[in-house]
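Accompanying notes for the structure given below.
What follows draws every value from the coordinates through simple rules; no lab data is involved. Because the structure is a prediction, the values reported are computed rather than measured. FYI the Cβ positions are ideal-geometry reconstructions off the backbone, even for glycines, and counts take in every protein chain you see.
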Amino acid sequence: MRPDTGRNYSSHMDSVSGAPSALVKALWAPATWRALAHLVSGGIIGFASGLTLLLLLILTLFGAPTVILPLVGCALILKLGGALTALQRSRHRAFLSLDLPTEPSSVPFTVNPQVLVRRLGERRTWVRFGYHVFAVFFGYGAAWLAVAAWAFGLALIAAPLYLGEGNEFAHPYVLCGFGIALVLAAPWTTRGLAALDALAASRMLGVLRSEEQERRITDLTASRSATVDAADAERRRIERDLHDGAQQRITALAVDLGIARATIPDLSEDADRALARAHEESKQVLAELRDLVRGLHPAILEDRGLDAALSAVAARSPIPVRVKVVMDRRVPRDIEAVAYFVACESLTNVAKHAEATRAAIEVSLEPALLRLHIVDNGSGGADPDRGTGLRGLADRVRSVDGNFRLTSPVGGPTSIEVELPCAS
Amino acid sequence: MRVVIAEDSVLLREGLARLMEVGGFAVIDTVGDAEQLLRSVERDCPDLVVADVRMPPDQSDEGLRAALVLRRTHPDLPILMLSQYVEERYVTELLTGRPRGIGYLLKDRVADVREFLDAVERVAGGGTALDPEVVSQLLVRRQGDELDRLTPREREVLALMAEGHSNSAIGATLFLSDGSISKHINSMFTKLGLPRRDIHNRRVLAILKYLRASGED
């Protein structure tokens, strides 16, 4: 289990406290030692960098009357702060696999009073600075605490070896017991402190959004979801209209043309040919209309759900397709529609371009995620940058906050993995 | 032969009626929902029912449920279901019990007048008529193990057989002699682990049941 965020850390701790064997295993779990390395490096970096920044701050404040000193001081603080931020980020990535998203700076750094003032006026600068100040105290304290937990624990366990029974503290074996408890608790302490540090870093070193931005993102998410819903509703409406109207009419037309062909005797050769053409044409229109409806939002998907709709798609595919769907409930309609659309388009692509003889669709449902996996045994080399088909698929998946992953090395096979969020 | 047609779209209902008349059937009643269908069968005792799966009031599977009722009350009444799409579960439900004189076709098939009337005749005569898409859809769920061992030719034969065609009709479609068709069927039955049967319906249904039963893993 890779610790990615502070949240993961705490869930890790719960599992540690749950089972006695896990309690012991935590002693040599890689996560524990990575966390310890993280804290120790954090202590060293935090202490050194904090002292430097503090010295620079004093220099800046006391040199105020000279004008030139504060300017140099500010420039150094900003420059050093940027470097420190990068260093801390790489530390979090290296030890905790925590990726902190970066944002491009508003103005490139130069020793220009205007730029310096602008940088100093930014909230971001001070939040980052805040982390470095936090790192002085927390980093230093946490590193000591973690190291001390291990060191004292081990020292106490060994107490019976170097303390006689008549010493002034306690019975050596009682101390040994304390030591064992302390060492067993040490992985928790270590990981907990690392989780706290990760939490602080993700708040202060990641992308900082203003309230305005947060509100805007919420708005955009809501309006996008409304757009997607409206588009889905529209597709369903068009499907119903076509089904109730044009499809019925053309079916009736084709039936009558068929009847005419079968019953009218003694037609001239031209009339017979024209009638035959009209009949075939009407059947063709019917077939095209059916394909159109299937691409929109087919009735089988609406009525019977993804499972039934996907086996219908597979049955129509010119190459054999294996379908495995494990779902114990229906998911929201827009998610069903996206999954169906991706499966349809992918199979069309496979049949057209992949030179495959076989394909498979697998769908599985987790509590909050629908997974769709489509794979073929074709020649690979599919590139989303050429042609709009694959790009369209990815866009459709993204429209509901899903993940789209295409792997298609030249020589094959091509695999499309899609994850769609669906709260139960 | 006296027929009752149940279809909620007026246009299609009338088209179907004309079509059946052309085929030499006497259309004694046309109805627009399942309730009326049941009443009409009670009253007129037709020889054949042609019904849409999806009908009012819910537009889901009223037609199919009415058909299942008729299977119980009138076991010898042949029924041909028309549907907008293939739903395997419907096929299974229709085929359970005493599967004689049953058909399940996509609605679009009515445009092919001759083929459609052939299918109607088969059902009316106590045979089966399953849409090719029904068959291929059942095969999708059955891929892997046994079916992989069939040759492409045997698959073709199996599909046509499941649609309800006789050996000679399959032979005519594939341009093969009756003898080689029987050979394909025998080898197929052996590969699928099915006992050899001579009765036309039974073998189709045995295969469909087999496909269906092991498809639900």
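So, with +1 on the Cβ of K and R and -1 on the Cβ of D and E, and no other charges, what is the size of the charge dipole of the protein assembly as shown about its Cα centre, to the nearest 20 debye?
With only Lys, Arg, Asp and Glu charged at Cβ, the dipole is about 2380 debye.
Tell me, what is a quarter of the convex hull surface for the C-alpha atoms of the protein assembly as shown, in nm² with one decimal?
45.5
In whole Hz, what ³J(HN,Hα) sequence does region A:262-272 give by Karplus (6.51, -1.76, 1.60; θ = phi - 60°), x for Gly and Pro?
Along region A:262-272, the couplings run 7, 10, 6, x, 6, 7, 5, 4, 5, 4, 4 Hz.
Using only alpha-carbon positions, what ratio does the radius of gyration of region A:211-296 give when scaled by 2.2 N^0.38 Å?
Values: Rg = 22.9 Å, N = 86, 2.2 N^0.38 = 12.0 Å.
Normalised by 2.2 N^0.38 Å, the Cα Rg of region A:211-296 equals 1.91.
Which is the longest run of chain A containing none of the chymotrypsin sites (Phe, Trp or Tyr not before Pro) found in DSSP loop states (not H, G, I, E, B) with at most 10 other C-beta atoms within 10 Å?
Result for the longest clean stretch: A:170-424.
So if I take the centroid of the Cα atoms in region A:256-276 and the same for region A:15-67, what is the distance between those two points in Å?
Answer, in whole Å: 89.
Check B:A6: other-chain or 5+ apart residues with amide H under 5 Å from its amide H, H built from backbone geometry?
HN-HN under 5 Å from B:A6: B:V31, B:V50, B:A51, B:D52.
Angle, helix A:172-204 long axis vs. longest principal axis of chain A, Cα atoms, 0 to 90°, nearest 10?
Between helix and principal axis, roughly 60 degrees.
With N residues in region A:303-421, what two-decimal value do you get for its Cα radius of gyration over 2.2 N^0.38 Å? Could the numbers behind the result be given before it?
Numbers: Rg = 13.3 Å, N = 119, 2.2 N^0.38 = 13.5 Å.
Working it through for region A:303-421, the quotient is 0.99.
Calculate one ³J(HN,Hα) per residue across region A:153-164 by plugging θ = phi - 60° into the Karplus curve 6.51 cos²θ - 1.76 cosθ + 1.60, and present them in order as whole Hz with x for glycine and proline.
Couplings: x, 5, 4, 5, 4, 7, 3, x, 6, 10, 10, x Hz.
Using θ = phi - 60° and the Karplus curve 6.51 cos²θ - 1.76 cosθ + 1.60, what whole-Hz ³J(HN,Hα) does each residue of region B:87-95 get, with Gly and Pro shown as x?
10, 4, 4, 4, 4, 4, 4, 5, 8
Fewest first, what order do A:H353, B:H184 take by the number of other Cβ atoms within 10 Å? Walk me through the intermediate numbers first.
On the way: A:H353 16, B:H184 24.
Lowest to highest Cβ neighbour count: A:H353, B:H184.
With both bridge residues required to lie in the protein assembly as shown, what share of the DSSP beta bridges run antiparallel, to the nearest 5%? Don't jump to the answer; show the numbers that get you there.
Working: 20 of 47 bridges.
Rounded to the nearest five, the antiparallel share is 45 percent.
Please arrange B:I170, A:I44 by how many other C-beta atoms lie within 10 Å of their C-beta, fewest to most. Could you put the intermediate results ahead of the total?
On the way: B:I170 21, A:I44 13.
So the residues, fewest neighbours to most, are A:I44, B:I170.
Just rank A:D401, A:D232, A:D219, B:D118, fewest to most, by other beta-carbon atoms within 10 angstrom. Write down the numbers at each step before the final one.
Details: A:D401 13, A:D232 19, A:D219 10, B:D118 16.
Exposure proxy ranking, most exposed first: A:D219, A:D401, B:D118, A:D232.
Amide H neighbours of B:Y104 under 5 Å, counting only residues 5+ apart in sequence or on other chains, H built in-plane at 1.01 Å?
B:M81, B:A129, B:L130, B:D131
Compute the angle between helix A:6-18 and the longest alpha-carbon principal axis of chain A, please, reported from 0 to 90 degrees and rounded to the nearest 10.
Computed tilt is about 80 degrees.
Over what distance in Å are the Cα centres of region A:124-143 and region B:51-106 separated?
73
For region A:6-204, divide the Cα radius of gyration by the Kirkwood radius and give the resulting Rg/Rh value with two decimals.
On the way: Rg = 21.7 Å, Rh = 19.2 Å.
Reported Rg/Rh, Kirkwood definition of Rh: 1.13.
Based on alpha-carbon centroids, what's the gap between region A:400-424 and region B:166-185 in Å, whole number please?
Comparing the Cα centres of region A:400-424 and region B:166-185, I get a distance of 44 Å.
Which angle between 0 and 90 degrees, to the nearest 10, do you get for helix A:68-96 versus the longest principal axis of chain A when only C-alpha atoms count?
Its long axis makes an angle of about 60 degrees.
Just tell me how shielded A:242-254 is by partners: mean number of partner chain Cβ atoms within 10 Å of each residue's Cβ, no decimals. Before the final figure, lay out the partial values.
On the way: counts 0, 3, 3, 2, 0, 6, 9, 4, 3, 10, 12, 3, 6.
Mean number of neighbouring Cβ atoms from other chains: 5.
Taking H as built 1.01 Å from N, whose amide H comes closer than 5 Å to the amide H of B:V27, not counting residues under 5 places away?
The list, which skips near neighbours in sequence, is B:V3.
So if a site counts as exposed when it's one of the GluC sites (Glu not before Pro), its DSSP state isn't H, G, I, E or B, and it has at most 10 other Cβ atoms within 10 Å, what's the longest stretch of chain A without one? Walk me through the intermediate numbers first.
On the way: sites that count: A:E165, A:E168.
Counting at most 10 other Cβ atoms within 10 Å as exposed, the longest clean stretch of chain A is A:169-424.
With each run of n ≥ 4 DSSP H residues scored as -39500 (n - 2.57), what mean residue ellipticity at 222 nm is computed for chain A after dividing by its residue count and rounding to the nearest 500 deg cm²/dmol? Don't skip to the answer; put the middle values down first.
Values: 16 runs with 280 residues, N = 424.
Roughly -22500 deg cm²/dmol at 222 nm, from the helical runs in chain A.
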